[in-house]
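Have a look at the structure below before the remarks.
The values are calculated or read from the model by the stated rules, or taken from the named source; none is laboratory data. Everything numeric here is computed off the predicted structure, so don't read it as measured data. Neighbour counts are summed over all protein chains in view; Cβ atoms, including those assigned to glycine, are modelled from backbone coordinates with ideal geometry. With ligands, DNA and RNA removed, areas are computed over all heavy atoms of the protein, side chains included. Shrake-Rupley method; radii C 1.70, N 1.55, O 1.52, S 1.80 Å.
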Amino acid sequence: MSSISLSSGIRNNLLSLQNTASLLNQTQTRLGTGKKVNTAVDNPSNYFTSIALKNRSDDLTSRLDGIAKGIQTVGAADSGIKGITSLVKQLKGIVQDAQGTTNTSDRQTLQSRFNTVMQQITDLAEDSGYDGVNLLQGGSLTVQFSEKAGDSTLGLTGFTADGTTNSQLAIATQGVSFTDTASLTAVVTALENAEVVLRNKSRELSANLGVLTARQDFTKNMVNTLTTGADNLVNADTNEEAANLLALNTQQSLGVNALSLASQQAQSVLRLLG
């Protein structure tokens, strides 16, 4: 089949219309997706850099859940320590009351009350866990900060803070009789030592909480920075694209008119020849 011969004017106007249509399609795609780079063909460097930044942002976002768990775990343990500290003060008051009386019946009553409070310490320690981790029952937790596993971590190590003989508070009273004044003195000493342990552990938890909170804020800011950077590489300026669309529509209309004029010129030549 023989090719159709077009005049130079018609061919130039047709080419111009095709270019305008291509730009219109590109502009409509950018407006529809909100991105100026939709595939690697559009801009390989920006496209793949944006993906890398977004992937890192997603990885860090997933770490925020672990950091939040660490914060809540420390918070639960700290609340437990505060509660246990209050109960230890009650125990000291009970022992001091026992030291202030020689009545055997009164001392037995006070010992029973003491044992009840000791059980509450055990119960409170057992209730101070969060999501399966209890730092007051010897539990531990490793919080991951970096997107790469194993890099930049914080280990939270607990201790035993209940009323049992295994407690690091060392205030269990099994075998201790309140009728023995010397035993009461030993219990007071143990309670004072327990308060020191609780204060030290509370400081340790506060330091860890400060680290966790700082890393949480840093990670949130880094996620925002990475996401913004990724978007800046590929996102389109919708105001600019809308203006481009208006200009291209006008250009297309002018192109159609120009093509029509070129065609009319060719027809005029035919009429002259006829």
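Which of the following residues is polar (S, T, N, Q), open to solvent by less than 70 Å² (accessible area, probe 1.4 Å) and in a helix (DSSP H, G or I): Ser202, Ser177?
Ser202
Would you confirm whether or not the stretch 159-171 contains a residue that is assigned to a helix (DSSP H, G or I), in contact with a helix residue (DSSP H, G or I) (Cβ under 8 Å, 6 or more places away or on another chain) and open to solvent by less than 30 Å² (accessible area, probe 1.4 Å)?
For the stretch 159-171, residues assigned to a helix (DSSP H, G or I), in contact with a helix residue (DSSP H, G or I) (Cβ under 8 Å, 6 or more places away or on another chain) and open to solvent by less than 30 Å² (accessible area, probe 1.4 Å): absent.
Please find, among Asn244, Asn239, Asn193, the residue that is modelled with pLDDT under 95, assigned to a helix (DSSP H, G or I), more than 30 Å from Gln72 (Cα to Cα) and open to solvent by 60 Å² or more (accessible area, probe 1.4 Å).
Asn239 is the lone residue from the list that is modelled with pLDDT under 95, assigned to a helix (DSSP H, G or I), more than 30 Å from Gln72 (Cα to Cα) and open to solvent by 60 Å² or more (accessible area, probe 1.4 Å).
When you check Gln251 against the structure, is it modelled with pLDDT of 90 or more and surrounded by 14 or more Cβ atoms within 10 Å (Cβ to Cβ), yes or no?
Answer is no for this residue.
Conditions (1) closer than 23 Å to Ala207 by Cα; (2) touching a Leu at 6+ places or on another chain (Cβ under 8 Å); (3) open to solvent by 70 Å² or more (accessible area, probe 1.4 Å), marked per residue:
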position	(1), (2), (3)
Asn38	no, no, no
Ile71	yes, yes, no
Ala77	yes, yes, no
Gln90	no, no, yes
Gly93	no, no, no
Asp106	no, no, yes
Gln120	no, yes, yes
Asp131	yes, no, yes
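Working only within the stretch 50-68, note down all residues that are within 29 Å of Ala243 (Cβ to Cβ) and either at pLDDT 95 or above or open to solvent by less than 60 Å² (accessible area, probe 1.4 Å) (or both).
Selection gives Ser50, Leu53.
Scan Thr122, Thr104, Thr109, Thr116 and give me the residue that is within 38 Å of the chain's Cα centre (by Cα), over 14 Å from Ala190 (Cβ atoms) and either at pLDDT 90 or above or of a type in the set (Val, Ile, Thr) (or both).
Exactly one of Thr122, Thr104, Thr109, Thr116 is within 38 Å of the chain's Cα centre (by Cα), over 14 Å from Ala190 (Cβ atoms) and either at pLDDT 90 or above or of a type in the set (Val, Ile, Thr) (or both), namely Thr122.
Can Ser183 be described as among the small types (Gly, Ala, Ser), more than 30 Å from Gln216 (Cα to Cα), out of contact with any strand residue (DSSP E or B) (no Cβ under 9 Å at 6 or more places or on another chain) and at pLDDT 90 or above?
no
Of the residues that make up the stretch 141-151, is at least one surrounded by 21 or more Cβ atoms within 10 Å (Cβ to Cβ) and farther than 17 Å from Gly66 by Cα?
no
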